[in-house]
Amino acid sequence: MHAYTAPLRLRLNGDALMSNWRWLAAMSGGAACGAAIKANGYGLGAAGVMTRLMQAGCRDFFVSNWGEAAVVEPLLEDGVSLSVLHGVREEDMAQALGSRARPVLCTPGQIARWRAAGGGACDVMIDTGMNRLGLDWRADVATMVEGLEIVTLLSHLASADEEVTFNATQLDRFTALRSQTSARRYSLANSAGICLGGGYHFDLTRPGLALYGGIPREAAAGHIRSVVQPQAQMLQRRRLLAGDSIGYNGTFTAQRDHDVAILNLGYADGYLRGFSGRGAAVVNDEKLPVLGRVSMDLLAVDVSAQPDLAEGDWIDIAYDLGEASAVSGLSPYELLTGLGARYDRVWG
């Protein structure tokens, strides 16, 4: 049987991915630089991301849960670690105890569970003010983690992409914990945190968004390259006459005759309705506007200026993360992680 080829795909630039990691690693100074590959490698495909980042030199990877860990654990090379950020539930224990991945213990209950099972090496998350996962920084952390074999003690910055005093507050709280615990390594900085400077780097940084082309702070502009290019295949070329409307609820009515391409792309693929009448395709460096409402599986774009485009042709979708975020109202994180399972992911 022939392998199925989808009518939409992601062109993924492996060189850009590795270049982004190398820049972030250099910016991390003397600290090791890891990689967050949760949410299926931010939508790109965790296995493909991990393979390329190991080639670039990355030795520390982070996923959210044990389902994600199971996908990439078979790829682990010697000397490469994998951490599960959401810790370990009772339902996860059988897998976790037999895994090379480490749980990032987040609650007293998780610590007790891991301790009782003789789980061995682990990581621990401290909440320094984000008030999501982690042990409260105001608690007697030293007593709570006593006896644990902690590889990495982590915390997470809430607003590293902004100029706020709370960044320094979290830094001070985390720094104070170094004298209270016996972890081998300490880790605070995400992508934006790396750009805050050496004081935030500690022993290990954990970039996510910037690996995949997002600009977390202005300092990264000009250094971080785009990794993802969505492309959709033209299903039909048709003529829209002046006075005709197109798509659900007729939100666009032609004021002139248009040549229209119907593309195999829609909100089920993460190209959400916020792009309706605002997004664009790109052919020969010319933007072709989206006409009418984005539907579940289909998109209409004006191709009047591209007379040679025909059924079966592939068309780039305008997806610069900064520009697409401004157009759609979606964050770069949503733009990446929303990319669905129906794309073929093609690395180049």
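The values are calculated or read from the model by the stated rules, or taken from the named source; none is laboratory data. The structure displayed is predicted, hence computed values, not measured ones. In this analysis, Cβ positions are derived from the backbone assuming ideal geometry, glycine residues included, and neighbour counts consider all displayed protein chains. Areas reflect the complete protein model, heavy atoms only, side chains present, ligands, DNA and RNA absent. Shrake-Rupley method; radii C 1.70, N 1.55, O 1.52, S 1.80 Å.
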Original post:
Is there a residue in the stretch 69-78 that is touching a residue at least 60 places away in the same chain (Cβ under 8 Å) and either in a loop (DSSP other than H, G, I, E, B) or in contact with a strand residue (DSSP E or B) (Cβ under 8 Å, 6 or more places away or on another chain) (or both)?
Top reply: no
Subject >> Qualifying residues in the stretch 290-329 (those that are of a type in the set (A, V, I, L, M), over 20 Å from THR251 (Cβ atoms) and surrounded by fewer than 17 Cβ atoms within 10 Å (Cβ to Cβ)) - the one modelled with the lowest pLDDT >> reply: ALA305
**OP:** Test GLU91 against the stated conditions and say whether it is free of Cβ contacts under 8 Å to residues at least 24 places away in the same chain, open to solvent by 40 Å² or more (accessible area, probe 1.4 Å) and in a loop (DSSP other than H, G, I, E, B).
**Re:** no
**OP:** Go over the candidates ILE194, ILE126 one by one and state the one that is open to solvent by less than 10 Å² (accessible area, probe 1.4 Å), within 24 Å of TYR333 (Cβ to Cβ) and in contact (Cβ under 8 Å) with a residue 60 or more places away in the chain.
**Re:** ILE194
**OP:** State yes or no: is ALA25 under 25 Å from GLN229 (Cα atoms), modelled with pLDDT under 95 and either assigned to a loop (DSSP other than H, G, I, E, B) or in contact with a strand residue (DSSP E or B) (Cβ under 6 Å, 6 or more places away or on another chain) (or both)?
**Re:** no
Subject >> Criterion violated by GLY199 - all others in (1) in contact with a strand residue (DSSP E or B) (Cβ under 7 Å, 6 or more places away or on another chain); (2) open to solvent by 30 Å² or more (accessible area, probe 1.4 Å); (3) in contact (Cβ under 8 Å) with a residue 24 or more places away in the chain; (4) not β-branched (Val, Ile, Thr) satisfied >> reply: (1)
Subject >> Test: ALA139 is in a loop (DSSP other than H, G, I, E, B), of a type in the set (A, V, I, L, M) and within 15 Å of MET27 (Cβ to Cβ) >> reply: no
**OP:** Looking only at the stretch 138-153, decide whether some residue is at pLDDT 95 or above, over 25 Å from ALA101 (Cα atoms) and hydroxyl-bearing (Ser, Thr, Tyr).
**Re:** no
Original post:
Has the stretch 159-175 got at least one residue that is in contact with a strand residue (DSSP E or B) (Cβ under 9 Å, 6 or more places away or on another chain), of a type in the set (Ser, Thr, Tyr) and surrounded by fewer than 21 Cβ atoms within 10 Å (Cβ to Cβ)?
Top reply: yes
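Per-residue answers, yes or no, for (1) free of Cβ contacts under 8 Å to residues at least 60 places away in the same chain; (2) out of contact with any strand residue (DSSP E or B) (no Cβ under 9 Å at 6 or more places or on another chain); (3) closer than 11 Å to LEU298 by Cα; (4) surrounded by 15 or more Cβ atoms within 10 Å (Cβ to Cβ):
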site: ARG237; (1), (2), (3), (4): no, no, no, yes
site: ALA242; (1), (2), (3), (4): yes, no, no, no
site: GLY247; (1), (2), (3), (4): yes, no, yes, yes
site: GLY250; (1), (2), (3), (4): yes, yes, no, no
site: ALA261; (1), (2), (3), (4): yes, no, yes, yes
site: ASN264; (1), (2), (3), (4): no, no, yes, yes
site: GLY270; (1), (2), (3), (4): no, no, no, yes
site: SER276; (1), (2), (3), (4): yes, no, no, yes
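Quick grid of which residues meet (1) among the basic types (Lys, Arg); (2) at pLDDT 95 or above; (3) assigned to a helix (DSSP H, G or I):
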| position | (1), (2), (3) |
| --- | --- |
| SER99 | no, yes, no |
| PRO103 | no, yes, no |
| ILE111 | no, yes, yes |
| ARG115 | yes, yes, yes |
| GLY119 | no, no, no |
| GLY129 | no, yes, no |
| LEU133 | no, yes, no |
**OP:** Filter the stretch 281-293 for residues that are more than 16 Å from GLN236 (Cα to Cα) and either of a type in the set (A, V, I, L, M) or touching a residue at least 60 places away in the same chain (Cβ under 8 Å) (or both) and give the result.
**Re:** VAL282, VAL283
